[in-house]
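The values are calculated or read from the model by the stated rules, or taken from the named source; none is laboratory data. Since the structure is predicted, the reported quantities are computational estimates derived from the model, not experimental observations. Neighbour counts are summed over all protein chains in view; Cβ atoms, including those assigned to glycine, are modelled from backbone coordinates with ideal geometry.
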Amino acid sequence: MSIPGFSQLQPAESRLLAAALADERAGRDEGWSRRPDWLLELAPVSGPSPAMPDGVGRHRVLFDREGVVWPYQARLDEWPLDSESVPAVLLRHVWQPGLMGDPMAEALRVLRPGGWLISISANPWHRRAWQVLGRRALLLPSWPRWQWLHARYDLELSAPVAAHWRGLVPGLSPALLLLARKPQRPGGVVDVSFKMDYKRRLAAGSMPAANCRAA
């Protein structure tokens, strides 16, 4: 049995995604950008993908109610992908009622340090969600719970201001979007130590002199 793909939300998702990735220069001084070269999209089989900004490639992974069905078969929370191998992950409609498994932990495992997690969900307070799910739309996460689903992990949340306030007003935005950045791995301190014979030679003054020239 398939799960809803919310195909009528595609225009809204495209606008939200374009706005979220629009600031290509954001954070460039710190060595990162919001716009990756490519991203991994996890989405329902029946849901058409939003448009990608220019220069951003996409690899789609499609799931049904039981788990991932294309291009491989796997549990929704167990991906056959290497850890820290993906620059960005786009999760679309993965918190629907009746879906087996939570893919958040796996998404963070495959995401590179400093990479972006982009989440999109139907707004349970919007009529389009009710047109698809009826009363079950209330089981979708609203904005406060939507934030908590991401804040429970070690992530740097970065919700666009407009998307945040539109998500708080019932019925205003048909889709919710949240950006989250995986923290960079802290740089390690290298312990530089000399072998004993070099220490002895240095103490005895037997090492050849080095000619250094100041710049």
- Scan of the stretch 80-103 for residues that are more than 17 Å from Leu176 (Cβ to Cβ) and either touching a helix residue (DSSP H, G or I) at 6+ places or on another chain (Cβ under 6 Å) or β-branched (Val, Ile, Thr) (or both), ordered by number: Leu81, Ser83, Ser85, Val86
- Specify which of the listed residues (Arg128, Arg75, Arg60) is basic (Lys, Arg), within 15 Å of the chain's Cα centre (by Cα) and over 21 Å from Gln184 (Cα atoms). Arg60
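Assess whether Gln96 counts as being polar (S, T, N, Q), at pLDDT 90 or above and within 22 Å of Arg152 (Cβ to Cβ). Before you say what the answer is, go through the steps one by one.
Working: polar (S, T, N, Q): yes; at pLDDT 90 or above: yes; within 22 Å of Arg152 (Cβ to Cβ): yes.
Against the criterion (polar (S, T, N, Q), at pLDDT 90 or above and within 22 Å of Arg152 (Cβ to Cβ)), Gln96 qualifies.
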- For the stretch 121-146, the count of residues that are outside any loop (DSSP other than H, G, I, E, B), surrounded by 16 or more Cβ atoms within 10 Å (Cβ to Cβ) and modelled with pLDDT of 90 or more equals 8
- Name the residue, out of Val89, Val110, that is crowded, with 20+ Cβ neighbours inside 10 Å and modelled with pLDDT of 95 or more. Val89
- Task: Looking only at the stretch 180-198, decide whether some residue is at pLDDT below 50 and of a type in the set (Lys, Arg).
- Result: yes
- Message: Anything in the stretch 50-82 that is in a strand (DSSP E or B) and among the basic types (Lys, Arg)? List them, or say none.
- Response: Arg58, Arg60
